[in-house]
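Heads up: the structure comes next, in structure tokens.
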Amino acid sequence: VKFKDSVLRAKEISLKGSEAEVDSPDYEDRAKALSISALKANLNFGKEGELKSVKAVGGLMVKHVRGKSLFSAKGDEASYDISSGIIRIRGNAIAAKDRTELRADEIIYEVSTGVMRAVGETKMILR
């Protein structure tokens, strides 16, 4: 399935009104150099059919390239609000960017700025 500047590959997609349930999704936003893959995802669409948000669970992997910097993260679940550009990774969240690794209950990543924040019990490793 193609959206503006993004592509969704999946084994199965079930549409229900303004939402879709997706098995084995691989979402790629080419304009933002962002990818999200998981075992399952729910997509939410706006009135014009535009993709508003992605909620992914199981086998989660998030990657974002910003200039020469690579952000990668995994966790139990993630939500991506496309209009705000905020990704929240929850449950056993681990994220790495440049020479920093964060482990936390929740990691919040801002796609436009590349800033990552940790919430809850946090461990930071500098390499």
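The values are calculated or read from the model by the stated rules, or taken from the named source; none is laboratory data. Here the structure is a predicted model, which means the values were calculated and not measured. Every residue, glycine among them, receives a Cβ derived from its backbone with ideal geometry; neighbour counts consider all protein chains shown. For the accessible areas, the whole protein counts, side chains as well, though only heavy atoms, and no ligand, DNA or RNA atoms are used. Shrake-Rupley method; radii C 1.70, N 1.55, O 1.52, S 1.80 Å.
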Is it the case, given these coordinates, that Ser72 is out of contact with any Phe, Trp or Tyr (no Cβ under 9 Å at 6 or more places or on another chain), at negative phi, touching a residue at least 12 places away in the same chain (Cβ under 8 Å) and in a loop (DSSP other than H, G, I, E, B)? no
Could you please let me know if Leu70 is surrounded by fewer than 18 Cβ atoms within 10 Å (Cβ to Cβ) and aliphatic (A, V, I, L, M)? yes
Restricting attention to segment 66-99, and to residues there that are at pLDDT 95 or above and among the β-branched types (Val, Ile, Thr), which single residue is nearest to Val119 (Cα to Cα)? Ile89
Name the pairs: first residue in segment 97-120 and open to solvent by 40 Å² or more (accessible area, probe 1.4 Å), second residue of a type in the set (Phe, Trp, Tyr) and modelled with pLDDT of 95 or more, Cβ to Cβ under 9 Å, at least 6 apart or on different chains? Lys97/Phe71; Lys97/Tyr109; Asp98/Phe71; Val115/Tyr109; Arg117/Tyr109
Among the residues of segment 19-39, is any in a strand (DSSP E or B), open to solvent by 40 Å² or more (accessible area, probe 1.4 Å), among the β-branched types (Val, Ile, Thr) and farther than 20 Å from Ala73 by Cα? no
Residues located in segment 84-111, provided they are within 27 Å of Lys4 (Cβ to Cβ) and over 13 Å from the mean Cα position of the chain (by Cα): Lys97
Quick one: in segment 1-18, of everything that is assigned to a loop (DSSP other than H, G, I, E, B) and open to solvent by 100 Å² or more (accessible area, probe 1.4 Å), which residue is farthest from Glu50 (Cα to Cα)? Lys11
Candidate set: segment 40-59, residues that are over 17 Å from Arg90 (Cβ atoms) and of a type in the set (Gly, Ala, Ser); chosen: the one most open to solvent (accessible area, probe 1.4 Å): Gly49
Those residues of segment 78-91 which are in contact with a strand residue (DSSP E or B) (Cβ under 8 Å, 6 or more places away or on another chain) and either free of Cβ contacts under 8 Å to residues at least 24 places away in the same chain or assigned to a loop (DSSP other than H, G, I, E, B) (or both) amount to Ile82, Ser83, Gly85, Arg88, Arg90, Gly91
